[in-house]
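The structure under discussion appears below in the form of structure tokens.
The values are calculated or read from the model by the stated rules, or taken from the named source; none is laboratory data. Nothing here was measured: the structure is a model prediction, and the numbers come from that model. So basically every Cβ, Gly included, is an ideal-geometry build from the backbone, and we count neighbours across all protein chains shown.
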Amino acid sequence: MFIRIILLLCFVALSCATIPFLPSPVKRSVNFTHTEECGVAHPGIARIVGGDRSSLDKWPWLVSLRSFPNKIFCGGSILTSRHVLTSAHCMKPFRNLLFLTFVVAGEKVSSSGNGRTFSMPTFTRNTKRAPFYADVVVVLLSGDLAFDTATSPVCLPPPDWVPTTGQAVTVIGWGRMWENGLSAWFLREVTVNIIEGSKCKEVFEKDWTTGMICAGAPGKDACQGDSGGPLLLKTEDGTWVLVGLVSFGMGCAREDIPGVYLNIAPFLDFVNASLLLT
């Protein structure tokens, strides 16, 4: 009975927590060098709406962020053996309740589990406070990931990268398969196109800023539960680059309503500085 009461209090706190973010972690000497390769996808099963079933065998940098007991609430991308990049709004409800969260990485992970599990001892966030403007955090894992063909880092874009209208980009996640619908049991992927930012500014008004990417396609979109997941651009040499994070939208795959993604490039200084914290 005592354990049940403690768990109930935890879930109540999760719903209405207003405690400030945890302080920045302490620096120590750690080697965060990437492996020689990043962003290398592998053949796989060919908030995602209008997409196809996929596999973590294909996207080895993808992780799922889960809350007790085993619910996927967001996606994330591996940067180093100890760091995962995700959206700030994913972590906000858990800012003082990280003991209820964990990261699952590794091959053949469905929404039911498997893979390798790590707790989240802390995270750092950008200090900008405009709505969704700095929707990015770096999560520090409690242990080191062992890189192999099923688990490896994603590449980051150059600091001068800018989205080009019409570019094809890929979104992956375990989110809902239609607006207010069921969450995907298996990983899904969808290809959308970058849209001129003025379209999102017209739709989202003050919530839209130049630090974001506007993207969509008819009947295709990210949806609830895909937040924090990667927006990926394939380069000419076949390498995948993490150019954005699923951030926010209006419904899912509504006609003429694109999705909004955080643009990683303007925040690279913050991301790189966060990799030195442990």
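Against the conditions (1) in a loop (DSSP other than H, G, I, E, B); (2) under 17 Å from residue 198 (Cβ atoms); (3) touching a Phe, Trp or Tyr at 6+ places or on another chain (Cβ under 9 Å), residue 210 satisfies every one except (3).
The residues of the range 68-95 that are in a loop (DSSP other than H, G, I, E, B) and closer than 17 Å to residue 229 by Cβ, listed by number, are 79, 87.
I need a count of the residues in the range 152-161 that are surrounded by 12 or more Cβ atoms within 10 Å (Cβ to Cβ) and under 15 Å from residue 235 (Cα atoms). Summing the residues that are surrounded by 12 or more Cβ atoms within 10 Å (Cβ to Cβ) and under 15 Å from residue 235 (Cα atoms) in the range 152-161 gives 5.
The set of residues in the range 210-228 being at pLDDT below 90 and in contact with a helix residue (DSSP H, G or I) (Cβ under 9 Å, 6 or more places away or on another chain) consists of 210, 211. List the pairs whose first member sits in the range 63-89 and is over 21 Å from residue 232 (Cβ atoms) and modelled with pLDDT under 90, whose second member is among the polar types (S, T, N, Q) and not in a strand (DSSP E or B), and whose Cβ atoms are under 7 Å apart, counting only residues at least 6 apart or on separate chains? Between residues of the range 63-89 that are over 21 Å from residue 232 (Cβ atoms) and modelled with pLDDT under 90 and residues that are among the polar types (S, T, N, Q) and not in a strand (DSSP E or B), the close pairs are 82/278. Scanning the range 213-248 for residues that are in a loop (DSSP other than H, G, I, E, B) and crowded, with 21+ Cβ neighbours inside 10 Å yields a total of 7.
Restricted to the range 249-278, and to residues there that are charged (D, E, K, R) and closer than 15 Å to residue 217 by Cβ, the residue that is surrounded by the fewest Cβ atoms within 10 Å (Cβ to Cβ) is 255.
Tally time: how many residues in the range 87-107 are β-branched (Val, Ile, Thr) and in contact with an Asp or Glu (Cβ under 7 Å, 6 or more places away or on another chain)? Total meeting the criteria: 0.
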